[in-house]
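Participant: Got a structure for you, questions after.
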Amino acid sequence: MPPALKTKFTAEELRLIEEHASIGGTVTEIAGRLGINARTAQDWTNSATANPAFHKAWHAGRWRFVTELRKSQFELATMNSQMAIHLGKHYLGQDDKPQEVHHLHRVVGTLPDYDATSADWQRKFAPDPVIDGGKLIEQEIEDAEIVGSDDPSSDASE
């Protein structure tokens with residue numbers, strides 16, 4: 001008759017399970033240490049109801065292991081570029097392949113016509129005349145005096 005399956009663990013054995021898991025030990029190693037079947041121990045790690053005490057001890061140790069490992073990696077990444085690259089690849093989806101980026105530019109408006117007259121420029125590029133109190137400001141601009149004209153026929157002394 002095969003030996004009875006061990007399902008109850010002492011506080012010391014549960015501490016051993018947690019400690020071994022906290023340093024990255026495998027389920028097979030823990031099963032060998034406790035004298036239980038490795039497949040049964042694996043089933044207990046996957047099911048919280050099959051053996052709650054084993055499950056809880058295993059996952060508490062694994063959580064501590066993963067947390068400490070991540071903390072150590074992060075600290076190392078601040079001093080070691082290779083570790084920063086490794087973490088970037090695994091956690092940020094970065095890779096060594098250069099990415100080809102294509103930018104699409106949309107042309108807005110038209111290019112200026114350097115041969116156009118000032119009236120053409122105003123019609124194409126100036127905003128629509130603004131209405132102020134019912135009068136067009138455009139009339140005020142037409143009546144304005146031109147200052148600093150290059151036209152030699154204008155008399156600046158008047």
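Participant: Inspect the stretch 55-63 for any residue being more than 30 Å from LYS89 (Cα to Cα) and not in a helix (DSSP H, G or I) and give the result as yes or no. It would help to see each step written out before you state the result.
Facilitator: Initial filter on the stretch 55-63 (more than 30 Å from LYS89 (Cα to Cα)): 55-57.
Imposing the further condition that a residue be not in a helix (DSSP H, G or I) reduces the set to none.
No, that holds for no residue.
Participant: For the stretch 18-36, which positions are surrounded by 13 or more Cβ atoms within 10 Å (Cβ to Cβ) and in a loop (DSSP other than H, G, I, E, B)?
Facilitator: Matches in the stretch 18-36: GLY24, GLY25, THR26, ILE36.
We did not get these values from a lab; they are worked out from the coordinates using the rules stated. Here the structure is a predicted model, which means the values were calculated and not measured. Cβ coordinates were reconstructed from backbone atoms using ideal geometry, including for glycine residues, and neighbour counts include every protein chain displayed.
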